[in-house]
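> For reference, the structure I am asking about is given below.
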Amino acid sequence: MRPIFIAFVLGSVFTAPALAQETRPEIVGDAIPQPLVAIRGDPVRGRAIVVDRQVGLCLLCHSGPFPEQRLQGTLAPELAGAGRRWSEGQLRLRIVDAAKANPATIMPPYYRTDGLVRVASAYRGKTLLTAQQIEDVVAFLMTLRD
Amino acid sequence: MSRQALMRLAHFSLAVLLVAFGFAASATEIPLSERKSGYEFMGPQSRAMQDDDTANPGMLSVFDGEALWNAKTGATNQSCAGCHGDATQSMKGAAARYPAFNASRGRPLDLEGQINLCRADRQQASPFAYESRELLALTAYVARQSRGMPIEPTIDARTQPFLDAGRAIFDLRQGQLNLSCAQCHDDQWGQRLAGTVIPQGHPTGYPQYRLEWQSLGSLQRRLRNCLVGMRAEPYAVGAPEYVDLTLFLMWRARGMKFEAPAVRP
């Protein structure tokens, strides 16, 4: 389904120089096999994003192997083992837009801006995470093998 | 088949369809008997604080409100008591019936809206700002007179459209997180959002004292907090959307005990 990524494409028109190396996310089956940016994701940065309650927001809903993090969510599956259960491309799709895998999901779309209504002005037209942040998160999730 | 039999069949199929559809649309609604006030999700200390008038910080506002109830003000130099007399009698049950339809406005008003309307029309005084000390105090004083009474807003031909509008907002996925009120409060109540237990979202105790706010706050303030959490654009202060949502929430809590001023974590 292409329309989802129109915002992404428009975004790259307006900010072409900065995003020049981004690839348009292409869905194959239930995965996005190709990285969104050329620079490899950094699992250390990815972990920091996942545990940050203002940035990744993941622990609002998920719990995971983060012994130093108190107060983790119970709305979603445990993140431990995510890298064993899913391929890199499947994880990327679920972060980019989990509704692609499950239309009824409550997991927010992290790399989509269209189809959202009444977004607060500070966030309007902005994705929850940048392409690079998504690659970092995916790289980190791939390390969660147990 | 006779024409009559066909008609009966048609009616029957329609009824089956309606039931099936209605069920699908409301499959996640909380059954009446399983509803719980936010009170039931609290620890013993917070409950004790709410239950004991000498410990409940909301009671300071109630006393403040009692003074305002009796104070003459505005161009007409009228007090609330001048029209309504003893609030412990005349306001018994009132808050549990709001939002209520107001013919002159052609729409339901919440308690705050009604108080400000009385100020404008009867006292010829300027309306109180939302979340002002005075409006919270008067609302708390009036609300206190319904404590323990069942919530029962009037749903009829005039209020039904506003109830429906409120329900539509409740079900709308909105904001950058693309969440609806229903997804948290119908489907995920009892779960932990990070450390916080998600309540069913019943408006039983407003205005209420939140320890997190360190003050008394209105239901609108609570609703804005949830909208901000969803990264949705909050409706403007005093917007009709809040009243519609409040009417829906009160209807959703129909029969539950009113408990203002409640205490929440």
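The values are calculated or read from the model by the stated rules, or taken from the named source; none is laboratory data. All values derive from a computational prediction rather than experimental measurement. Every residue, glycine among them, receives a Cβ derived from its backbone with ideal geometry; neighbour counts consider all protein chains shown. Remember, those area values only see protein heavy atoms, side chains included, never the ligands or the DNA or RNA. Shrake-Rupley method; radii C 1.70, N 1.55, O 1.52, S 1.80 Å.
> Taking the residues in the range B:60-84 that are in contact with a Cys (Cβ under 8 Å, 6 or more places away or on another chain) and buried (at least 18 other Cβ atoms within 10 Å of the Cβ) as candidates, determine which candidate is farthest from B:R122 (Cα to Cα).
The qualifying residue farthest from B:R122 (Cα to Cα) is B:L68.
> When the range B:37-59 is examined, which residues are found to be open to solvent by less than 70 Å² (accessible area, probe 1.4 Å) and either at positive phi or charged (D, E, K, R) (or both)?
If the condition is that a residue be open to solvent by less than 70 Å² (accessible area, probe 1.4 Å) and either at positive phi or charged (D, E, K, R) (or both), then B:D52, B:D53 are the ones that fit.
> Answer yes or no as to whether B:E152 is open to solvent by 40 Å² or more (accessible area, probe 1.4 Å), modelled with pLDDT of 95 or more and in a helix (DSSP H, G or I).
no
> For the range B:155-176, does any single residue satisfy the condition of being outside any loop (DSSP other than H, G, I, E, B), closer than 19 Å to B:A96 by Cβ and open to solvent by 10 Å² or more (accessible area, probe 1.4 Å)?
yes
> Which condition number in (1) open to solvent by less than 30 Å² (accessible area, probe 1.4 Å); (2) away from every other protein chain (no Cβ under 14 Å); (3) in a loop (DSSP other than H, G, I, E, B) is the one that B:L247 fails?
(3)
> Take the range B:219-244 and flag every residue that is hydroxyl-bearing (S, T, Y) and within 13 Å of chain A (Cβ to nearest Cβ).
Result: B:Y235, single match.
> Looking at the range B:153-176 only, could you name the residues that are away from chain A (no Cβ under 14 Å), in contact with a Phe, Trp or Tyr (Cβ under 7 Å, 6 or more places away or on another chain) and of a type in the set (A, V, I, L, M, F, W, C)?
Those that are away from chain A (no Cβ under 14 Å), in contact with a Phe, Trp or Tyr (Cβ under 7 Å, 6 or more places away or on another chain) and of a type in the set (A, V, I, L, M, F, W, C): B:I155, B:L163.
> Since B:Q208 meets every condition but one in (1) away from chain A (no Cβ under 12 Å); (2) open to solvent by 40 Å² or more (accessible area, probe 1.4 Å); (3) of a type outside the set (V, I, T), which condition does it not meet?
(2)
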